[in-house]
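The values are calculated or read from the model by the stated rules, or taken from the named source; none is laboratory data. Keep in mind that this is a model prediction, so the values were computed, not measured. No Cβ is skipped: glycine too gets one built from the backbone with ideal geometry, and neighbour counts run over all protein chains shown.
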Amino acid sequence: MSNADMQTGIREEAARLLAEGRVDAVVGFEEGSLPMRAAPCFVSDPDGADRLVWNAFCSNNLSRYLRGSDRRLGVVAKGCDTRSIVELIKERQVARDSVVVIGVPCRGMADPRLLSDKAGPGRITSVEEAGDDLVISANGGTITVRLDEVLHRSCAVCVRRNPVLSDVLVGEGVPERPGDSFGDVAELSSRDAGDRWEHFSDEMSRCIRCYACRSACPMCYCTRCFVDDTGPRWVGRGTGVGDVLSFHLMRVMHLAGRCVECGACERACPMDIDLAALNRKSCADVERLFGYRAGLSPDAPAPLSAFDPGDPQDFMLEPGQG
Amino acid sequence: MNAIPGRQVPRLLDALLGGHVVFAPVRHGRIVAFEPIASGSDAVLGCSNSTVSPRHVLLPRMETLLTSCSGDAYARECTCPDSPVVLFGSRPCDARALTLLDRILSGGANRDVYYQRRRDLLTIVSIGCARPLETCFCTAMGGGPFSTDGSDILLEECEGSFLVHVVTERGRALASKLGVCDAGRRPGGATAAAEEETGHPAAPTGIDPGMLKGSLDASFDDPVWRAISERCIGCGICSYVCPSCHCFDIVDEEAGGSACRKRVWDSCQFASFTEQASGFNPRPTGASRYRQRIMHKFSYCIDDYGMAGCVGCGRCVTECPVNLDIREVLKAFAARGAL
Amino acid sequence: MRNPYAPIPMRVVRNRLETEDGGIRTLTLSFVDSSEEFAFEPGQFAQLSLLGVGEAPFGIASSPMEPRLLDFTISRAGLVTTELHHLEQGETVGLRGPLGNGYPLEDLRGRSVLVVGGGFGFSTLRAFTEYALHPGNRQAFDGLTVVYGARSPGLLLYREELAEWGKRDDIRLHVTVDKPDDSWRGPVGTVPALVRGLEMPRDAAVIVCGPPAMIRHTLPVLAGLGVSPDRIHLSLEMKMKCGIGKCGRCNIGRAYVCTDGPVFSLASLEALPGEH
């Protein structure tokens, strides 16, 4: 089903939910104010449903807006977004019966920066979709690229493009990506420690401590983040590599077993830092240690909250003991 | 010589490096930022503007104010490096923003000595905008693609060279060091023809700062702020990329007998910004914090400093992860004011 | 160019307990460099600084007529205030000040002045009262009435000064508590209730400092007494860091609480955005 057809389906579902009074508002996407952007929007009356769009730029994880909402919400959710919803429900941040999930199978979202690279110097005036292709209009001409060539990093390694849960499903399922999806983690892990240090120091040297990664992340909902604590001060607020890496590594640890690899953090980052790499390493470790991958199963207990005597303990016991 | 051939710019920057720290646009992967360059060829001048503003040249993202080691009776002030600095390749909007920071940080009864020391050592060489981006709205905010406000020298592209417009005495001193002189023409004249051809995207209609202020002042308690800011995730990117934001936090750190006091950038968009020790927060909602950003920039700054806290660089428009477009917010309020 | 971020070194002369619950203490500080010229007006504040721990703002509680020794009354709430409470005689602490605008003395002169304070908020009101009672200043004020209340006698600040003031005939002093103990002989009741019973001329000026609840209930009483909003002066609390109008944190409307305030007339407060 084309994105245009999905768009029609989303509009119809949203209008129906609102007309029936099943939700107070639907969180979806509307046309962005710039090329290659779609903007999260809240529609609260059935006529407003015509504002909703579905295209290759609907990359934001809208589940973030479900937290602490004082309204019953409908939400347009891709595979990764529903994984976040699963975890938010497990952590009691969202009540299952207060949301209506409009599930949308997703072929991946396009990265505007990659599209700009393809277009070369000059301004992109519009990007239109044509089947599996994107047609870029820039510098008075057009260039056609395949969506597959310009996906966000997180979309290129996505293991769950179809919604994990939904109340309504718009569109047909899409085939999931086969094969081992932690290839990128394996590659990075295979480099020696000095190389890895250099890679991450270099990436983190751009960090401006804006905390957009934290704000965009659906799972970062603490009302008081560890960064703001003064007694004790867990991590410095400076921009030196020590302080920066400490912040990011601590955030990775807080997300262990909870990160759904949606990529919201690295898409939000204005300095284009490869943030997901650290989180994905932690996701790979959690899968190896606990056989768990966040957001894929509403019933599986969260590994760091539930103890199973069968959990590996080789971090504190010699192999063969215990 | 009143123009610098484009291909000679790297050599000119190398010459400056002899006696100055030079900040110029540098590419890091897919972003462009103003960083100190080691060689003239590091600078990239072809892009319309950098991803983040150059305000860290005067107000670093992290700056140590005071320090003490064990054995020190009292805190010692930190001094910033004392070599002269050139900011090369900033845009007129960024230079104009620094004139606002001057009013805030160097003005008033207390002068920020750390800012002032850097200011005294800085010469700004801006490049006018022959090709404004569609996100630019400097003209609406009182600036312009060839405005000289805040620049010491303004360069203007003209047939492969940069015409030199000397603006201040500090600019004149640098120009003579470089062996160049003022072109004796009004900045912007060279691209007038190109302007007419492409129109002037830097002046979107519907934003009149005076009408805007009146409308905002009358709308403080209007519930519309919630709807306007609904998509905002409070990430603060807008503050961090902005050339005219100035809010900072002061933090103390202690380790192994030595202690220091630093200032770091902060943002009114963070919930903890105004949260008091008692737990009371005068701006408890995202909507109240977004309202503060708009009111501060487009009303309170005009009252306090005589200019809006926005120069129309458009970075917040480009970098906002949820496409909350400030131009649309401003147009909506300006339109109300016209009613 | 003087660096407004650099603290002035001060020495602790005395650290005395104010309230029987241990929560409030008053530090008396002297200047390490005795040639330091420091002058302030009642209502102004200063940042007390412990490098490595932090800074916090406190109203200057002592008389401006004796600026060589400064009193700061500190309520223990967090990291900085706890460290300040632990300071011993002879130890050093940094000070940045005087900051803020102080009470509007030009508006108060020639009028009958009513000082209304509650609990911990009385610190800068003590500075003002000492200033007003000073021989050279007293005749500038037509009348001087001070109302001060606390939840219980053990929570009253500055009991020595209160006793001294009570003996004078150039000040009408009313001290009240919500809950008396066995030895309490004074009025019992809230501050607003006591203020309601006062006779004040219509053109009196009032300075009020105390907990939000006390202020909320006192303002209607003052309105009932016919005091106009531009003659009622309050101290606004906002989180502060730099204290000199640069960091943006205390910005409200076109004002910065640390430089345009913290003292605002009720009329000006009503003109500011309703965020306080």
Do we find a residue being touching a helix residue (DSSP H, G or I) at 6+ places or on another chain (Cβ under 6 Å), assigned by TED's automatic domain parsing to the domain that holds A:Val170, surrounded by 17 or more Cβ atoms within 10 Å (Cβ to Cβ) and of a type in the set (Phe, Trp, Tyr) anywhere in the stretch A:22-44?
no
In the stretch B:301-332, anything at positive phi and within 14 Å of chain A (Cβ to nearest Cβ) is listed as B:Gly314, B:Asn323
Filtered residue count, the stretch A:208-221, keeping only those that are at the interface with another protein chain (Cβ under 7 Å from one of its Cβ atoms) and either more than 20 Å from A:Met271 (Cβ to Cβ) or over 24 Å from the mean Cα position of the chain (by Cα) (or both):
0
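Could you go through the stretch A:280-294 and let me know if any residue there is in the same structural domain as A:His254 (by TED's automatic domain parsing) and under 30 Å from B:Cys316 (Cβ atoms).
yes
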Whether any residue in the stretch C:227-235 is away from chain B (no Cβ under 14 Å), in a loop (DSSP other than H, G, I, E, B), of a type in the set (Val, Ile, Thr) and in contact (Cβ under 8 Å) with a residue 12 or more places away in the chain is what I want to check.
yes
Picking from A:Glu203, A:Glu198, which residue would you name as being under 21 Å from B:Ile31 (Cβ atoms) and within 14 Å of chain B (Cβ to nearest Cβ)?
A:Glu203
Here are some conditions: (1) modelled with pLDDT under 95; (2) of a type in the set (Ser, Thr, Tyr); (3) surrounded by 16 or more Cβ atoms within 10 Å (Cβ to Cβ). C:Ser63 meets all but one. Which one does it not meet?
(1)
Qualifying positions in the stretch B:148-162 - part of a loop (DSSP other than H, G, I, E, B), surrounded by fewer than 24 Cβ atoms within 10 Å (Cβ to Cβ) and touching a residue at least 40 places away in the same chain (Cβ under 8 Å)
B:Thr148, B:Asp149, B:Gly160
Would you be able to say whether some residue in the stretch C:118-132 is more than 16 Å from C:Glu41 (Cβ to Cβ), surrounded by 20 or more Cβ atoms within 10 Å (Cβ to Cβ) and among the aliphatic types (A, V, I, L, M)?
no
Do we have any residue at all in the stretch B:245-252 that's crowded, with 19+ Cβ neighbours inside 10 Å and under 15 Å from B:Ile326 (Cβ atoms)?
yes
B:Arg289 vs (1) farther than 29 Å from A:Pro270 by Cα; (2) within 11 Å of chain C (Cβ to nearest Cβ): all pass except (1)
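May I ask you to list the residues in the stretch C:70-90 that are away from chain B (no Cβ under 14 Å) and either under 16 Å from the mean Cα position of the chain (by Cα) or surrounded by 17 or more Cβ atoms within 10 Å (Cβ to Cβ) (or both)?
Correct list: C:Leu70, C:Asp71, C:Phe72, C:Thr73, C:His85, C:Leu87.
Please note which helices (runs of 4 or more DSSP H) are completely contained in the stretch B:242-339 and include at least 1 residues that are among the basic types (Lys, Arg).
In the stretch B:242-339, the matching helices (runs of 4 or more DSSP H) lie at B:286-295, B:315-319, B:326-338.
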What number of residues within the stretch A:222-237 are more than 7 Å from every other protein chain (Cβ to nearest Cβ), in a loop (DSSP other than H, G, I, E, B) and in contact with a helix residue (DSSP H, G or I) (Cβ under 7 Å, 6 or more places away or on another chain)?
3
Being surrounded by fewer than 19 Cβ atoms within 10 Å (Cβ to Cβ) and within 23 Å of C:Asn15 (Cβ to Cβ) is the requirement here; does C:Arg96 meet it?
no
Mind listing whichever residues of the stretch A:209-221 are buried (at least 23 other Cβ atoms within 10 Å of the Cβ), of a type outside the set (Phe, Trp, Tyr) and in a loop (DSSP other than H, G, I, E, B)?
A:Cys210, A:Cys217, A:Pro218, A:Met219
Within the bounds of the stretch C:186-209, is there any residue that is touching a residue at least 24 places away in the same chain (Cβ under 8 Å), within 30 Å of B:Met295 (Cα to Cα) and either surrounded by fewer than 16 Cβ atoms within 10 Å (Cβ to Cβ) or touching a Cys at 6+ places or on another chain (Cβ under 7 Å) (or both)?
no
Could you tell me which numbered condition A:Gly74 fails, if it satisfies all but one of (1) out of contact with any strand residue (DSSP E or B) (no Cβ under 9 Å at 6 or more places or on another chain); (2) not in a helix (DSSP H, G or I)?
(1)
Is it the case, given these coordinates, that A:Arg107 is farther than 23 Å from A:Asn55 by Cβ and basic (Lys, Arg)?
no
Among B:Arg283, B:Arg336, the single one that is of a type in the set (Lys, Arg), surrounded by fewer than 18 Cβ atoms within 10 Å (Cβ to Cβ) and more than 25 Å from the chain's Cα centre (by Cα) is B:Arg336
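Restricting to the stretch C:246-258, give me the number of residues that are over 11 Å from B:Phe248 (Cα atoms), facing chain B (nearest Cβ under 7 Å) and outside any strand (DSSP E or B).
Matching residues across the stretch C:246-258 total 2.
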Tally time: how many residues in the stretch A:56-71 are modelled with pLDDT of 95 or more and under 22 Å from A:Ala15 (Cβ atoms)?
6
Please indicate, with yes or no, whether at least one residue in the stretch A:40-62 is part of a helix (DSSP H, G or I), among the polar types (S, T, N, Q) and away from chain B (no Cβ under 11 Å).
no
Of all residues being assigned to a loop (DSSP other than H, G, I, E, B) and of a type in the set (D, E, K, R) in the stretch C:180-222, which is farthest from the chain's Cα centre (by Cα)? Just the residue, please.
C:Asp182
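Give the stretch C:216-234 a look and list any residue that's surrounded by 18 or more Cβ atoms within 10 Å (Cβ to Cβ) and under 19 Å from C:Pro104 (Cα atoms), or say none. I'd like the intermediate steps shown before the answer.
Filtering the stretch C:216-234 down to residues surrounded by 18 or more Cβ atoms within 10 Å (Cβ to Cβ) leaves C:218-219, C:221-222, C:227, C:231-234.
Scanning the stretch C:216-234 gives C:Leu219, C:Leu222, C:Val227, C:Arg231, C:Ile232, C:His233, C:Leu234.
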Take the conditions surrounded by fewer than 24 Cβ atoms within 10 Å (Cβ to Cβ), within 8 Å of chain C (Cβ to nearest Cβ), under 30 Å from C:Leu79 (Cβ atoms) and not aliphatic (A, V, I, L, M) and apply them to B:Ser272. Does it pass?
no
Filter result for B:Val251 (within 24 Å of C:Val257 (Cβ to Cβ) and either more than 10 Å from chain C (Cβ to nearest Cβ) or of a type in the set (A, V, I, L, M) (or both))
yes
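Confirm whether C:Ser183 is within 29 Å of C:Gln139 (Cα to Cα), among the hydroxyl-bearing types (Ser, Thr, Tyr) and out of contact with any helix residue (DSSP H, G or I) (no Cβ under 6 Å at 6 or more places or on another chain).
Values: within 29 Å of C:Gln139 (Cα to Cα): no; among the hydroxyl-bearing types (Ser, Thr, Tyr): yes; out of contact with any helix residue (DSSP H, G or I) (no Cβ under 6 Å at 6 or more places or on another chain): yes.
No, not satisfied.
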On the phi < 0 side of the Ramachandran plot and in contact with a helix residue (DSSP H, G or I) (Cβ under 7 Å, 6 or more places away or on another chain) - does that describe any residue in the stretch C:77-91?
no
